[in-house]
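Undergrad: Below you'll find the structure I mean.
Just so it is clear, none of the values below were taken in a lab; they were calculated from the coordinates. None of these values were measured; they are calculated from a predicted model. Reconstructed Cβ throughout: ideal geometry from the backbone, glycine too, with neighbour counts over all protein chains shown.
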Amino acid sequence: METRLKCKNLRSVSQSAFNSKIWSMPAVKYSGLFALRSWIIFLAVFSFCKSASVALAQDDATAKTQDNSAAKTQDDSAAKTSLEKQLLELRLGPFDLHPRLVAGVTYDDNILYSIGNKEADTIWMVQPALQAVAGDDAALIAYRDQHSDVLTLSPGNFIFQQPADWPGKVLILDYGPRFQLFDKYTVNNSLDQFATLDLLWPMDKLILGFRQEYQLQKETIIEAGERTTVELIPTTLSAAYQLSDKTSIEGNLRRFSIDYEAPGLIGYTEYNTEDWFNYNLEEDLPVSLGVLAGIDDVANHQGQTYEQLRARARYIYTEKLNFDVSVGGELRQYENGSPETLNPVFTAVGEYRLSELTRLLLTGYRQQYAAIFNGYNYAASGASLEVRQGITDRFTVSLSGGYYGLQYSSASVPVITHTDGYSTARLSLQAKIVRHLNGQIFCQWVSRQSQFNGDLSDDQAGVQVSLSY
């Protein structure tokens, strides 16, 4: 399934005014905030110490006698199996329950992405969540272990496989509130909301899917240099059908809306359709021809329509290499009478495994959007490269870097253009502490170069732990 990529914190704009209030946290007492800080610090330190101690314990265990080692292993295994069985068998009616918890702390030296007068702060985050699954839960867990995120299920991702390899029917309900607390600038505190309903319904040759998301979060809009509440409501209805062993078709109908609380920003609603004809050149190499069309409903007579013709190739079933590349052109029309435009569009995602512990990941894109600012449209294009190097089976180092540009064009005639360029870099250390507990330490950098909006930079460093079942 083709996905229209969005740049970080930048979206096209909507007609309806934002009527939701800011979901800000009430003032937090010092004792409560101190307890939260202490808990997160303890959990993070304990997690990484635990990970290291597990590795050391493996060496130390070789010095024990075989009988003592066998007895200890048997006792530990029985206790571990009993605890995991209780956690993994959480049920409510037809639903298997998978709780998770993410917590972290980040130091940010420019929380509003300001050109001058930077505001630095420490941000504490806690996000408990629950995923309820009805149906083929075992296949879902296997998919999660391989792809990390089960919320990427869609008919288009499975139609290239044989029906015998498809998962069973599955319904996913996922909800996770996120608490963000700032040390100094507490006006930015927020309680964010994230909810998803996902349905996958495979049949003999047909797969149906439905996905409904809702997000309400307070975030910094880097291009606007302010922090505001953003509401996202994406809806997708999809289907895919196998015509023969080598051919298939897939289609998606989408509605996407975004609204901003800040008065200087406007939202938009988009309706689009995306349809593909697929042909398997080889067992592991399906190619596709697709037609995409959409309507952007934007305020102040800035509505737009567009049509895209694309070609796509996927190679996703080997251990060594997989990729998903789509290229084409877009014809766009404007409600205000501006001349229609023809521009190239593409998305590219690839992964290459150099060795058992070394992987390269490459991403690239170019897409046209209705802009966040009144009276401007923009084209987003960029690329990033990430290197993941395993140190042991528990520790992995990741280094990534990228660049993306936003080319703004005025919606009125004569057309006025300017470009903002963004450079990004991130370094992280991930640790698999125990089976269900992971942690990471990271630092990242963002730099903007713009003659129109001014240059800026932002540095962040933090630690995060996640517990999931």
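Undergrad: HN-Hα J couplings of the stretch 188-193 from phi, Karplus 6.51/-1.76/1.60, θ = phi - 60°, integer Hz, Gly and Pro as x?
TA: Using θ = phi - 60°, the values come out as 8, 4, 8, 10, 8, 10 Hz.
Undergrad: Compute the distance in nm between two label points, each set 7 Å from the Cα along the Cα-to-Cβ direction, one at Ala348 and one at Asn300.
TA: So the two model labels end up 3.6 nm from each other.
Undergrad: Would you mind computing, in nm to one decimal, how far apart the modelled labels at Tyr271 and Asn322 are, each placed 7 Å from Cα along Cα→Cβ?
TA: Here the answer is 3.5 nm between the modelled labels.
Undergrad: Now for a separate question. If you scale each eigenvalue of the Cα gyration tensor by 5 and take the root, what three semi-axes come out for the stretch 140-265, rounded to whole angstrom and sorted largest first?
TA: Three semi-axes, in Å: 37, 16, 11.
Undergrad: Sticking with the crude label model, points 7 Å out along Cα→Cβ, report the distance from Lys432 to Thr186 in nm, one decimal please.
TA: Placing both labels 7 Å beyond Cα along the Cβ direction yields 4.2 nm.
Undergrad: Could you run the Karplus curve 6.51 cos²θ - 1.76 cosθ + 1.60 with θ = phi - 60° over the stretch 226-241 and give me ³J(HN,Hα) per residue in whole Hz, x for Gly and Pro?
TA: For the stretch 226-241, the Karplus curve yields 8, 10, 8, 7, 10, 10, 10, 9, x, 10, 9, 10, 9, 8, 9, 9 Hz.
Undergrad: Let me ask something else. Explain nothing, just compute: Karplus ³J(HN,Hα) = 6.51 cos²θ - 1.76 cosθ + 1.60, θ = phi - 60°, for every residue of the stretch 385-398 in order, whole Hz, x for Gly and Pro.
TA: After applying 6.51 cos²θ - 1.76 cosθ + 1.60, I find 10, 10, 10, 10, 10, x, 8, 9, 6, 10, 10, 9, 9, 10 Hz.
Undergrad: Hey, another quick one. For a quick protection proxy, order the peptides 114-124, 326-336 by their average other-Cβ count within 10 Å, most packed first.
TA: 326-336, 114-124
Undergrad: Taking every pair of alpha-carbon atoms in the stretch 239-342, what share in percent sits in each 10 Å bin, from 0 to the bin with the longest distance?
TA: 13, 33, 28, 18, 8, 0
Undergrad: Cα atoms only, the stretch 421-469: Rg and Dmax in Å?
TA: 15.7, 50
Undergrad: I've got another one for you. Label point 7 Å out from Ile233 along Cα-to-Cβ: which residues of the stretch 261-285 have amide N under 16 Å?
TA: Within reach of a label on Ile233: 261, 267-272.
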